[in-house]
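See structure below.
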Amino acid sequence: MCGRYALHGPQSRLREYFDLRECAEWQARFNIAPQSEVLVIRQRPEVGRVGQMVRWGLIPRWARDATIGLKLNNARAETVAEKPSFKSSFERHRCLIPANGFYEWQAVEEGGRTRKQPWYIRPAEDGSFLAMAGLLAAWKSPAGEDIVSTCVITTTPNETMAPIHDRMPVLLAPGQFDAWLDPAWRDVEALRRWLVPAPAAGLVAWPVSTRVSNARNEGEDLIEPA
């Protein structure tokens, strides 16, 4: 799964890397958790790529209430094209979720007990970003409120991630951005072939403080090696 990540910029570099035409205001954060407002990148017709703030936790258009979003932070690559919660979004409403890095928790045996050791995973290239494959959905509440929400697509681990966890986000390369964001491209089988682990050489990882396990903790020290 992917349940926590960091996005701290710099903002000018992010705009350049993702070739954004417009971008909503956002703040640097080092411990972004589900149900937060997060930055996503989508393709707006006749404008280009734009950055938009949405809720993390997908609420399908047909949902009766917003609580379903508490369970839909991630979509599995193996079933995203078939599950009713994700199928329409996968075909028509894809996005990128930019990150400087993400966290995952490794089960470690110590003294006959298991504890969770958090790790931070980021691009091997300094100053680069990760583009997590995401989905979007628009939902109108019974009170008439319009909510746009997102989730992260996950896949099996690469060689870097395998010792840490059995899942990782689908990470897309810049050459895939245009097609992924194109709502007119609905070749589901072609899209599914992209939902694979990113090359291990493109990532580095190190253990970090268990403080990141509490979503209320924030700050640059969270991504420093433990």
Given (1) part of a strand (DSSP E or B); (2) touching a Cys at 6+ places or on another chain (Cβ under 9 Å), index of the condition L14 fails: (1)
Test: residue in the stretch 52-65 that is within 19 Å of V148 (Cβ to Cβ), of a type in the set (F, W, Y) and exposed (fewer than 15 other Cβ atoms within 10 Å of the Cβ): yes
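Within the stretch 162-173, restricting attention to residues that are in contact (Cβ under 8 Å) with a residue 12 or more places away in the chain and closer than 23 Å to G57 by Cβ, which residue is surrounded by the most Cβ atoms within 10 Å (Cβ to Cβ)? Working first, answer last.
Initially, the stretch 162-173 is screened for residues in contact (Cβ under 8 Å) with a residue 12 or more places away in the chain, giving 163-165, 167-173.
Filter once more, so that each one left must be closer than 23 Å to G57 by Cβ: 165, 167-172.
Details: H165: 18, R167: 17, M168: 25, P169: 27, V170: 22, L171: 25, L172: 22.
Out of the qualifying residues, it is P169.
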Search result, residues across the stretch 28-47 that are over 24 Å from D178 (Cα atoms), in contact (Cβ under 8 Å) with a residue 24 or more places away in the chain and not charged (D, E, K, R): F30, N31, I32, A33, P34, Q35
Hey, A99 of a type in the set (G, A, S), closer than 22 Å to W180 by Cα and within 19 Å of the chain's Cα centre (by Cα) or not: yes
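State the number of residues belonging to the stretch 49-71 that are among the β-branched types (V, I, T) and in contact with a strand residue (DSSP E or B) (Cβ under 7 Å, 6 or more places away or on another chain). First the steps, then the outcome.
First pass over the stretch 49-71, keeping only residues among the β-branched types (V, I, T): 50, 54, 59, 67-68.
Adding the requirement that they be in contact with a strand residue (DSSP E or B) (Cβ under 7 Å, 6 or more places away or on another chain) leaves 50, 54, 59.
Looking only at that region, the number is 3.
What strands (runs of 3 or more DSSP E), lying completely within the stretch 41-115, carry at least 1 residues that are out of contact with any Lys or Arg (no Cβ under 6 Å at 6 or more places or on another chain), β-branched (V, I, T) and closer than 28 Å to A24 by Cα?
On the way: elements: 48-56, 74-76, 94-99, 101-110.
Ranges flagged: 48-56, 94-99.
Within the stretch 17-38, work out how many residues are more than 22 Å from L72 (Cα to Cα) and assigned to a strand (DSSP E or B).
At the first step, the residues of the stretch 17-38 found to be more than 22 Å from L72 (Cα to Cα) are 17-28.
Keeping just the survivors that are assigned to a strand (DSSP E or B) gives 22-23.
Result for the stretch 17-38: 2.
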Pairs where the first residue, in the stretch 48-70, is without any contact (Cβ under 8 Å) to a residue 60 or more places away in the chain and closer than 10 Å to S85 by Cβ and the second is surrounded by fewer than 18 Cβ atoms within 10 Å (Cβ to Cβ) and of a type outside the set (G, A, S), C-beta under 9 Å, 6+ apart: W62/P84
Odd one out for K87, checked against (1) buried (at least 16 other Cβ atoms within 10 Å of the Cβ); (2) basic (K, R); (3) in contact with a strand residue (DSSP E or B) (Cβ under 8 Å, 6 or more places away or on another chain): (3)
Conditions (1) surrounded by fewer than 20 Cβ atoms within 10 Å (Cβ to Cβ); (2) within 27 Å of E37 (Cα to Cα); (3) among the β-branched types (V, I, T): number failed by T155: (1)
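Any read-out appearing in this document is the output of simple, stated calculations on the displayed coordinates, not a laboratory observation. Note that the structure is a prediction, hence the values are computed from the model and not measured. Cβ sites come from the backbone with ideal geometry, for glycine too, and all protein chains shown count toward neighbours.
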